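A short write-up of the structure that comes next.
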Amino acid sequence: MRINQTLLAGLCLLATAAMYGQTASVQRNPKQNKLGPMSFSYDAQHDQIVPNGIQLNAHAANINITPTTGRIEVTVNINPQSHFDKGTKFHCSLLVIGGEIDTTDGVVGGGIETTNSVAKKDTCTLTIPYSWTIPPDSGASSGMILAVGVSAVQGGEPGHSGHDAEWNGNGGGMVVRTSLQVGGVEALPPNGSTTSITFEIVL
């Protein structure tokens, strides 16, 4: 049986697109099982998790608010169960949203932080120190959302930015596998504290 070449090309394009990005959503109201406007896309080629449908709530400059500070330390343990060629690097990206979070309208009073790294011995260690000015919001709840993306990148030469390909997803390496995990709204850590969290990722 001959397969239509146009159909085959379209299927290959869809498979390639699926390999390079993923999207996850956060539930607005678990009781109604509806999705709010907040979602997260993983741009593995650039080691970035992109928060979609989220607005930062600006506060009045004349309001004296003591910043909420702390440190988030995330360990990502990678369990590679797929077959990867020798020399494949595992890239990890972390996004943290913290403050007063209104998941119904996608408004955040606080901050959005990102960082990324390359795994050593299948483990990434990602650290974010933060200082957030959190204005009061009667329609929101204080909390924190973490999103972790992991990609397997094969080959690649040094990128145009001057960084090695292992630090630069678009430096020539090919993304062959990705995973994006988004947690629910967790309690905001006490001011000045260090929060340690571990993710177990299977690739």
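Among the conditions (1) touching an Asp or Glu at 6+ places or on another chain (Cβ under 8 Å); (2) more than 23 Å from Thr198 (Cα to Cα), the only one that Gly87 does not satisfy is (1).
Among residues of the range 165-203 being of a type in the set (Val, Ile, Thr) and farther than 23 Å from Ser82 by Cβ, the one that is modelled with the lowest pLDDT is Val185. Considered as a group, the residues in the range 144-164 that are open to solvent by 10 Å² or more (accessible area, probe 1.4 Å) and either among the acidic types (Asp, Glu) or at negative phi (or both) include one that is modelled with the highest pLDDT, and that residue is Gln154.
Got at least one residue in the range 66-74 being loosely packed, with under 14 Cβ neighbours inside 10 Å, of a type outside the set (S, T, N, Q) and either outside any strand (DSSP E or B) or at pLDDT 90 or above (or both)? Checked against the condition, which is being loosely packed, with under 14 Cβ neighbours inside 10 Å, of a type outside the set (S, T, N, Q) and either outside any strand (DSSP E or B) or at pLDDT 90 or above (or both), the range 66-74 yields at least one hit.
Does Ser117 satisfy being at pLDDT 95 or above, touching a Leu at 6+ places or on another chain (Cβ under 6 Å) and among the small types (Gly, Ala, Ser)? Yes.
For the range 127-143, a tally of residues being open to solvent by less than 20 Å² (accessible area, probe 1.4 Å) and more than 22 Å from Ile63 (Cβ to Cβ) returns 1.
Tell me, yes or no, whether the range 99-109 has at least one residue that is in a loop (DSSP other than H, G, I, E, B), closer than 23 Å to Asn191 by Cα, among the aliphatic types (A, V, I, L, M) and out of contact with any Asp or Glu (no Cβ under 8 Å at 6 or more places or on another chain). Scanning the range 99-109, I find no residue that is in a loop (DSSP other than H, G, I, E, B), closer than 23 Å to Asn191 by Cα, among the aliphatic types (A, V, I, L, M) and out of contact with any Asp or Glu (no Cβ under 8 Å at 6 or more places or on another chain), so the answer is no. Within the range 96-126, the residues that satisfy the criterion of being open to solvent by 50 Å² or more (accessible area, probe 1.4 Å) and either touching a strand residue (DSSP E or B) at 6+ places or on another chain (Cβ under 6 Å) or more than 19 Å from Ser41 (Cα to Cα) (or both) are Thr104, Ile112, Thr114, Asn116, Lys120, Lys121, Asp122, Thr125.
The values are calculated or read from the model by the stated rules, or taken from the named source; none is laboratory data. Quantities reported herein were computed from a predicted structural model and do not represent experimental measurements. Cβ coordinates were reconstructed from backbone atoms using ideal geometry, including for glycine residues, and neighbour counts include every protein chain displayed. The protein model used for the area step is the full one, side chains on, heavy atoms only, and it has no ligands, DNA or RNA in it. Shrake-Rupley method; radii C 1.70, N 1.55, O 1.52, S 1.80 Å.
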